[in-house]
Amino acid sequence: MTALAAELADTLDSRSGIPDIRDLQRLSGLGGAKACAVAAMIEYGRRRWGPCGTRVRTPADAYPLIRHYADRRQERFICVSLNGAHETLAVRIVTVGLVNRTIVHPREVFADPLVDRASSVIVAHNHPSGKLEPSCEDEEITYRLKSTGQLLGIELIDHLIFSDSAYFSFLQAGKLK
């Protein structure tokens, strides 16, 4: 990935929406016209291929919504908000961590789904190492999020650990009881 593409990916990962033109112009190599073109293409992509409305019935349905974060060198903890029909309302990065861990707090995970009026969520994070085996910390946060979700009335449907070629599902492994 070129330096500009990497910088643009980092900028997009750090925001929930499309960055302001002035933010894009701060990237080296993007002037006003190119920044406008990039913003327009991002908006077009969001409208054309964005996750909103995608129905999630299985972990395999959720994987394409998050897979593009697999190549990041740091862990990304992601929350997918779903409505009552299990249609995607939003996909957001909750935290960015280190190569082998990220700090996750239920308050941060459920803040946006509460605003979305989500009925359920799927959480996920990439393992830059490519190893999909959940750690003790992964299991612990999954159970904390499930408990918190029950209190809030927002069901935790699954927790996926993913790489660019595969994923581990707590639900499919029977670890989400």
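Throughout, read-outs are computed from the coordinates displayed, never taken from laboratory work. This is a predicted model, so every value here is computed, not measured. For neighbour counting, all protein chains shown are included, and Cβ atoms are generated from backbone atoms with ideal geometry for every residue, glycine included.
Relative to the current alpha-carbon distance between ALA40 and CYS136, full extension at 0.36 nm per residue lengthens the span by 30.3 nm.
Expected output is a single nm value to one decimal: the length gained when fully extending between ASP61 and ASP164, i.e. 0.36 nm times separation in residues minus the C-alpha distance. What is it?
35.6 nm
Take LEU12, project a point 7 Å from its Cα along the Cβ direction, then tell me which residues of region 54-87 have their backbone nitrogen under 11 Å from it. It comes to 68-69, nothing else. Bridge orientation summary for the chain: considering DSSP beta bridges with both residues in this region, about 70 percent are antiparallel.
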